[in-house]
Amino acid sequence: MATERGLIIMVDWKRVRNDFSALERTINGRPVVYLDSACMALKPRQVIDAMNEYYEQYPACGGRSIHKFGEEASNAYSASRGKFARFINAAQQEECIWTRNATESLNMVASSARLPKGSKIITTSLEHHSGSLPFVERAKRDGLDIEIVKAQPDGTFDIEDWKRAIDNKTSLVSVVHSSNVTGTVAPMKEIVEIAHDRGALVMSDDAQYAPHHPLDVQALDVDFSAISVHKMCGPTGMGVLYGKMEHLESMNMCLYGGDTVSDVRFENNKILPDYLPPPEKFEAGLQNYAGAIGAGAAAEYLQSIGMREIEKHERSLLEMALKRMLDMEQVHILGTDDISIKTGLVTFTVDTVSSAHDVATFLNDEFNVMVRSGWHCVGPFHYQMKIDPKMGTVRASFYIYNNQSDVTIFLEGLDALIEASS
């Protein structure tokens, strides 16, 4: 395995692939080719084992009971928060809030961050709906202005557009770090610098970035980051909201109840609560302890491989796919083909097939190749590109367990589809 610091050891990608039991299956005598990791990553045995250990060995409430099971659950829950904080290089683990998914993380900031009256929110035409709609609704709720920075046709951003859009009236910028449609990586460092120069906060949607690239929230200086654990080999129903402590402390609470308070008094016929600081401030009620433990195990697993090695591996597979696809006259790729600014995915249409769902169905039924079809929760960019969202686009996404054989079978499937539909 590779390490992030010190000597670099060549990654045994075959051994990594063997960690994922789902890939041991065959369907109709053929191997499974899973190319839908941008939607849901497969789970390695290490994550499954960590969660099973909780359920089998100490399945109790964390932070409530003083017995041995409760103590072990509390320790594992806290340790997992520390593992995730190290994964994104948070200044302190209390800056990592457990949520259900990146959508909930984005909604928490959109609904609870304190934004001045009459200020402006900025988002983009390339956002996942979860990265734009919560902020659109916040603007409606509080009478704030909202401005949309339009992505370029290749999925990149012109930094001059950000300089024009972000002004002294801007209070918050919500931007997708890596697009789940084009795969393009936004110039986050430059956007943050422009925003902070003008006194604005930055919300980074890292659902697609964190599983595939090294993410250092302190180096980027983002104010908030939203992460979906299920896209990074972790369990479903788990997400993370990172926030600088000063912002988390100033945010309004989203939920109230158990585990959010240090004291609740009854005086003069009134109930008077004293609330806890972050992270407990945002984690009301019984938590998904197994999910948090699995999230920590996933972060640890990816770090054991090395995020730089993961990035290089994915881009090598993407390069292999793009080299052939660019020669297919009937195939049109959405976004740039510059792999140096892309996550390992490619989204496309096929001229000879009217619906993206038909492409995905053919690849699945004839070649066991599993891809995503639809609008990928990014309707505005499809409309911008004059692509009917009902017809959709096809997305093939590569991850740590994919290999050249997977890419070859995918390309063979595309060739067969084009031949059959021409």
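Every number here is computed from the coordinates shown, using simple stated rules; none is lab data. Just so it is clear, the structure is predicted and the values come from calculations on it, not from any experiment. Note: ideal-geometry Cβ built from the backbone for every residue, glycine included; neighbour counts use all protein chains shown.
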R0 of 56 Å, Cβ-Cβ distance R15-I159: FRET efficiency to nearest 0.05: 0.85
With Cα atoms, 0 to 90° folded angle of helix 45-57 axis to the chain main axis: 40
Efficiency of FRET from Cβ geometry, Q57 and Y256, R₀ 30 Å, rounded to 0.05: 0.40
Computed label-point distance, nm, for sites R324 and Q93 using a 7 Å Cα→Cβ extension: 4.5
Nearest 10 degrees, 0 to 90: helix 102-112 Cα axis against the chain principal axis: 40
Cut-off 13 Å between beta-carbons: net charge of the residues surrounding G82, Lys and Arg +1, Asp and Glu -1: 0
Alpha-carbon centroids, segment 96-115 and segment 183-201: separation in whole Å: 19
Rounded Å value of the spacing that divides the Cα centres of segment 204-229 and segment 255-333: 10
Packing-based order for 281-294, 134-147, 241-254, using average beta carbon neighbours within 10 Å, highest first: 281-294, 241-254, 134-147
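Counting only C-alpha contacts under 8 Å and six or more residues apart, can you give the relative contact order of segment 48-303 as a whole percent?
24
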Computed [θ] at 222 nm, helices only, for the chain once each DSSP H run of length n ≥ 4 contributes -39500 (n - 2.57): -12000 deg cm²/dmol
Under 11 Å, Cβ to Cβ, from G296 - net charge with Lys/Arg +1 and Asp/Glu -1: +2
Expected-Rg normalisation [2.2 N^0.38 Å, Cα atoms] applied to segment 48-303: 1.05
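Using 29 Å as the Cα-Cα cut-off, could you pick out the over-long pairs in K120/K390; K231/K281; K83/K281; K163/K231; K150/K342? Can you show the working numbers first?
Numbers: K120/K390 32 Å; K231/K281 26 Å; K83/K281 20 Å; K163/K231 32 Å; K150/K342 18 Å.
From the list (K120/K390; K231/K281; K83/K281; K163/K231; K150/K342), the Cα-Cα distance tops 29 Å for K120/K390; K163/K231.
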Degrees between helix 68-88 axis and first principal axis of the chain (Cα, 0 to 90, nearest 10): 60
Projected label distance in nm at D338 and A284, using a 7 Å step from Cα toward the beta-carbon: 4.6
Extension reserve of the H247-H196 stretch, reckoned as 0.36 nm per residue once the Cα distance is removed: 17.0 nm
For L334, distant residues with modelled amide H under 5 Å away: T347, F348, T349
FRET efficiency estimate (nearest 0.05) - Cβ-Cβ, S422 to S112, R0 45 angstrom: 0.25
